[in-house]
Amino acid sequence: MNPALVPYPPVVRRAALVIAVCLAVLIGYFSLVPPGDAPAPQISDKIRHFAAYATLAIPVAMWFGPGRLAAWAMTAVYGGGLEIAQALAGTGREGSWGDGAANALGAGAGVLLIWIIARTRRA
């Protein structure tokens, strides 16, 4: 097996899962709360989406193991689902294709980062 694709030790995977769940809850909350109630940093909306999903994808990729397409898919689908939820929730937020694309690209960047780190450390 390619050493870059070897899963992390169980303790690391469990910690990554806990972190991923906590991040997913935070992202979900801030994605669905009415816009006036959530503090928003003064940076581009797409950059915030990219950064949030890259951050979420890192522990997800550590849980699945480096180089696993499932880590990207799970994170990107979560982001897409939240965009749909925003459109349907009636909280004053709107889902957008651009935000969904930024979510998916961020998820890809997070998974890619873990793959690069794993490949570098184990090569």
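In the chain, the alpha-carbon atoms span a convex hull of 96 Å³ per residue. Ranking Met62, Leu82, Gly36 by Cα position along the charge dipole of the chain, where only Lys, Arg, Asp and Glu carry charges on their C-beta atoms, puts Met62 farthest toward the positive end. Taking a point 7 Å out from the Cα of Lys46 in the direction of its Cβ, the residues of the range 76-110 whose backbone N falls within less than 14 Å of it are 96-106. Please identify, among Val11, Val60, Val33, the residue showing maximal mean-square fluctuation in a Gaussian network model of the chain using a 10 angstrom Cα cutoff. Judging by the Gaussian network model, the answer is Val11. Please give the calculated 222 nm ellipticity per residue for the chain, where each DSSP H segment of at least 4 residues contributes -39500 (n - 2.57) and the sum is spread over every residue; nearest 500 deg cm²/dmol? Dividing the helical sum by the residues of the chain leaves -25500 deg cm²/dmol. I'm a student and want to see the number: the projected area of the Cα convex hull of the range 60-123, averaged over all directions, in nm². Over every viewing direction, the Cα hull of the range 60-123 projects on average to 4.4 nm². Taking the chain as a Gaussian network of alpha-carbon nodes connected by springs under 10 Å, the highest mean-square fluctuation of the residues Gly100, Gly92, Gly65 belongs to Gly92. Net charge dipole, the chain: roughly 660 debye, given to the nearest 20, about the Cα centre with Cβ charges of +1 for Lys and Arg and -1 for Asp and Glu. Here the Karplus relation 6.51 cos²θ - 1.76 cosθ + 1.60, evaluated at θ = phi - 60°, turns the backbone of the range 13-27 into coupling constants of 5, 5, 4, 4, 5, 4, 5, 4, 5, 4, 5, 5, 5, 4, 4 Hz, with x for every Gly and Pro.
Taking amide H as placed 1.01 Å from N in the peptide plane, the amide H of Gly67 sits under 5 Å from that of Trp115, each at least 5 places away or on another chain. Computed extension gain for Cys22 through Glu94, at 0.36 nm per residue and net of the alpha carbon distance, reaches 23.6 nm.
Stretching Val77 away from Tyr29 to a fully extended chain increases their span by 15.6 nm, per 0.36 nm per residue minus the current alpha-carbon distance.
Rule-based calculations on the coordinates, nothing more; no lab input. Computed from a predicted structure; not experimentally measured. Note that we place each Cβ from the backbone using ideal geometry, even for glycine, and neighbour counts take in every protein chain shown.
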